[in-house]
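Below: one structure, written as structure tokens.
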Amino acid sequence: MLPLIPWPTAVDAQDAPPLTLDAAHVVAPDAALADLAAEQLVAAGVRVAEAGDGVTPVVLRVDDAAGPAGSDNPERYTLRVTAEGVEATAPERVGLLHAVRTLRQLVPAATGGPGDAGTREVPAVVVHDAPRYAWRGLSFDVVRHWFGPDDIRAVVDLVAAFKLRVLHLHLTDDQGWRLEVPSRPELEKASDNQVGGGTAGFLTVDDYRALQEYAAARFVTIVPEFDMPGHINAATHVYGSLTKDGLATDPYDGIEVGFSRLWFDNPATEPFLRDVIGDIAAMTHGQWVHVGGDEVHTMEVEEFAKFVELAARIVREHGKTPIFWQEGARGPVEPGTLLQYWEPKGEEFDRFVAAARSGARFIMSPGNHAYLDMKYTPEHELGLHWAGYVELRDSYDWDPTAVIDGLSTESVEGVEAAVWTETITTRDELFSMLLPRLGAVAEVAWTAPERKDWDAFRARTAAQAPAWRAGGWAFHQTPQVDWPTA
Ligand code: TNX
């Protein structure tokens, strides 16, 4: 059993002696990749050194022929471990880093205890690998409770460890506004609030740029979400001009949803959308801007559809691709628009299928499988349970192509887990909701269904626990896994 998550396309364990990886010398196509590979090895307890006696070569090399036979997947890679050394090949740099992540999971965690001389034994193996979906992500609410740049970077490291490519940041909501918008500096006034009140914060333009760069170096794209026309109390608290009666709304620190809204016919509305979406698009390095659209419980569908049309048009005018929550299917949908499925709602399936026929594609975040803010069990202290209880196996046992009846498999863009932070206040709480379930969702997104195996996944999850402990990553010890004792 090799402790890999997500499970690769082809794993050929070799009948050959293992590699003793005490110290490694990294050879890579560029310094940035060499540094990232070194960072991963050091985190795994391997010493990184100059070439020499007793130092194992870890060679990263660009090679179009790498990957599973016949695959033209741009993320494909091959990893070869022999007693003499490690070779990673891939046609693109991202694949080389995937190979390094795989290697890292193969290195047994340092216990740090007495007698741990620092020597790591890695089994001889050949891995050929490529993902099922290109869109593999996590959506992270930094509004309900504020999580700042250090926490966000820790989450980038976590998602990257599971080979995810997207970190979607939910940046605006009723309780707070978390991103500087240069044309609307007053929005900062809505940053210092969160669920339960208390001090919070926001990302400056510089913070946001630095975060995107940190993520991009790890081949993770940040997707910003500005939620409208509901979930908008932070903005109506700052700008009374956006409300019906012209009066600013009170700050909100509860956890109800659906009450706040914009008004399409208000002359202040379109300039506000143009300023906010324009600035966010200009600051965003990636291709996508998420414009929300969820849970506006106080608006007729005609008005809602006008918001969807306008927000999508502004996003496109700035050269980006719009994403909406599934409610976006109630508006006009242009080809290429992404819709994020979240709430299991059978009565809307026909509408989703129709949107897909108009060219929309779906990111699958079904609440009952992928919402990692759901409680594991009724007894679990943290979390909500509107979508049910989501144990590890619930996060694992589902297929993105079987979520919406009648949707063609080609209309599935990929998979995103989501973590909302109404009840989550610290990094450890956050990680204990993400781990081990994020690994399950990552495997749903990466691994072909016929290669998934729950019992094997349980064992591989247990085998990762020592590395999580060594890295200071809190995780929930669900009884569905036989955890090794600390
Ligand atoms: C639903 S998911 C919401 C969020 C809540 C979440 C809690 C979505 C599009 N809307 O506003 O935070 O449930 O699980």
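The values are calculated or read from the model by the stated rules, or taken from the named source; none is laboratory data. Bear in mind that the values here come from a model prediction, so they are computed numbers and not experimental data. Virtual Cβ from ideal backbone geometry, glycine too; neighbours counted across all protein chains shown. Note: areas computed on protein heavy atoms with side chains; ligands, DNA, RNA excluded. Shrake-Rupley method; radii C 1.70, N 1.55, O 1.52, S 1.80 Å.
What list of ³J(HN,Hα) values in whole Hz, one per residue of region 307-324 in order, does the Karplus curve 6.51 cos²θ - 1.76 cosθ + 1.60 (θ = phi - 60°) give from phi, with Gly and Pro shown as x?
Coupling constants for region 307-324: 5, 4, 5, 5, 4, 5, 4, 5, 4, 5, 4, 8, x, 10, 9, x, 10, 10 Hz.
For region 300-324 and region 383-422, what is the separation of their Cα centres, given in Å?
Comparing the Cα centres of region 300-324 and region 383-422, I get a distance of 25 Å.
Between residue 69 and residue 399, what's the calculated FRET efficiency when r is the beta-carbon distance and R0 is 30 Å? Round to 0.05.
Working: r = 24 Å, r/R0 = 0.81.
Efficiency at R0 = 30 Å is approximately 0.80.
Any chance you could give the angle, 0 to 90 degrees and rounded to 10, that helix 31-43 forms with the longest Cα principal axis of the chain?
Rounded to the nearest ten degrees, it is 80.
Counting only DSSP beta bridges with both residues in the chain, what percent are antiparallel, rounded to the nearest 5? Don't jump to the answer; show the numbers that get you there.
Details: 18 of 64 bridges.
Counting DSSP beta bridges with both partners in the chain, the antiparallel share is about 30 percent.
Going by average Cβ density within 10 Å per residue, which order do the peptides 133-139, 29-35, 271-277 take, highest to lowest?
On the way: 133-139: 22.1, 29-35: 13.1, 271-277: 19.4.
By packing density, highest mean first, the sequence is 133-139, 271-277, 29-35.
Any idea what angle helix 269-283 forms with the longest principal axis of the chain, computed on alpha-carbon atoms, 0 to 90 degrees, nearest 10?
20
Give me the net charge for the shell around residue 449: Cβ to Cβ below 11 angstrom, other residues only, Lys and Arg +1, Asp and Glu -1.
On the way: positive: 132, 451, 452; negative: 397, 399, 443, 450, 453.
Net of charged neighbours comes to -2.
Counting only DSSP beta bridges with both residues in region 10-129, what percent are antiparallel, rounded to the nearest 5?
On the way: 17 of 29 bridges.
So the antiparallel bridges in region 10-129 amount to around 60 percent.
So how strong a dipole does region 178-285 carry about its Cα centre when Lys and Arg Cβ are +1 and Asp and Glu Cβ are -1, to the nearest 20 debye?
Here the size comes out at about 180 debye.
Mind checking the dipole of the chain: about its Cα centre, +1 per Lys or Arg Cβ, -1 per Asp or Glu Cβ, Debye to the nearest 20?
I would put it at about 780 debye.
Any idea what the relative contact order of the chain is, in percent, if you count C-alpha pairs under 8 Å spaced at least 6 apart? List each step's numbers first, then the result.
Values: 1081 pairs, mean separation 69.1, N = 486.
Rounded, it is 14 percent for the chain.
At a 10 angstrom cut-off on C-beta neighbours, averaged per residue, how do the peptides 377-384, 202-209 rank from highest to lowest? It would help to have the intermediate numbers written out before the result.
Values: 377-384: 13.5, 202-209: 17.2.
Averaged packing, sorted descending, gives the order 202-209, 377-384.
Carbon and sulfur: what percent of the chain's accessible surface (1.4 Å probe)?
The computed percentage sits at 50.
Report the chymotrypsin sites (Phe, Trp or Tyr not before Pro) located in region 381-486 that are in a DSSP loop and have at most 14 other Cβ atoms inside 10 Å of their Cβ, or state none. Intermediate values should be presented prior to the final figure.
Numbers: sites: 386, 389, 396, 398, 420, 431, 446, 454, 457, 468, 473, 475; in loops: 386, 389, 398, 420, 473, 475.
Those satisfying the criteria are 386.
Determine the per residue accessible area of region 346-486 with all protein chains present and a 1.4 angstrom probe, expressed in square angstrom. Don't skip to the end; give the middle numbers.
Details: 5460 Å² over 141 residues.
Accessible area per residue, region 346-486: 39 Å².
Helix 437-446 against the longest principal axis of the chain: what's the angle in degrees, Cα atoms only, rounded to the nearest 10?
It is inclined by approximately 80 degrees.
If the chain between residue 462 and residue 386 were fully stretched, how many nm would it gain, using 0.36 nm times the residue separation less the Cα-Cα distance?
Values: separation 76, 0.36 × 76 = 27.36 nm, distance 2.86 nm.
Taking 0.36 nm per residue and subtracting the Cα distance, the gain is 24.5 nm.
Just order 189-198, 60-69, 239-248, 284-293 by mean Cβ neighbour count inside 10 Å, highest at the front, would you?
Working: 189-198: 18.4, 60-69: 16.1, 239-248: 14.4, 284-293: 21.1.
With the highest mean Cβ count within 10 Å placed first, the list reads 284-293, 189-198, 60-69, 239-248.
For residue 139, list long-range residues whose amide hydrogen, built 1.01 Å from N in the peptide plane, is under 5 Å from its own amide hydrogen.
Those lying under 5 Å, H to H, from residue 139 are 168, 417, 418, 419.
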